Amino acid sequence: MSSPHFHAIVRGKVQGVYFRDTTRQTAERLGITGSAVNLPDGTVRVEAYGPRPALEGLVEFLHQGSPQSRVDGVEIEWHDGETPPPRFTTG
């Protein structure tokens, strides 16, 4: 079964500030699967799969971030038609 999804790059102070774990918690609460991964350039890549309204809720969170983070920008690419992963990971 395919699902709407997006790939996002989040820029700012988003590593070492519980951004990925807070993203995972938010995604799980919204019923979203996917991943949040630190990249070598200091950004975080988020891939998320689920119902469009839930995904839009996660996008709102990504613009705010965790309490310790500072989000300077979010780049999002929307897609359709891929099989979603079974859960949300932060690895």
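The values are calculated or read from the model by the stated rules, or taken from the named source; none is laboratory data. Source: prediction; values computed, not measured. Here the Cβ is made from the backbone with ideal geometry for all residues, glycine too, and neighbour counts use every protein chain on show.
Report those strands (runs of 3 or more DSSP E) wholly inside the stretch 25-85 carrying at least 3 residues which are hydrophobic (A, V, I, L, M, F, W, C) and at pLDDT 95 or above. Give the derivation first.
Values: elements: 33-38, 44-49, 70-82.
Answer list for the stretch 25-85: 44-49, 70-82.
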- Filter result (surrounded by fewer than 20 Cβ atoms within 10 Å (Cβ to Cβ) and closer than 10 Å to Thr90 by Cβ) within the stretch 36-65: Val37, Asn38
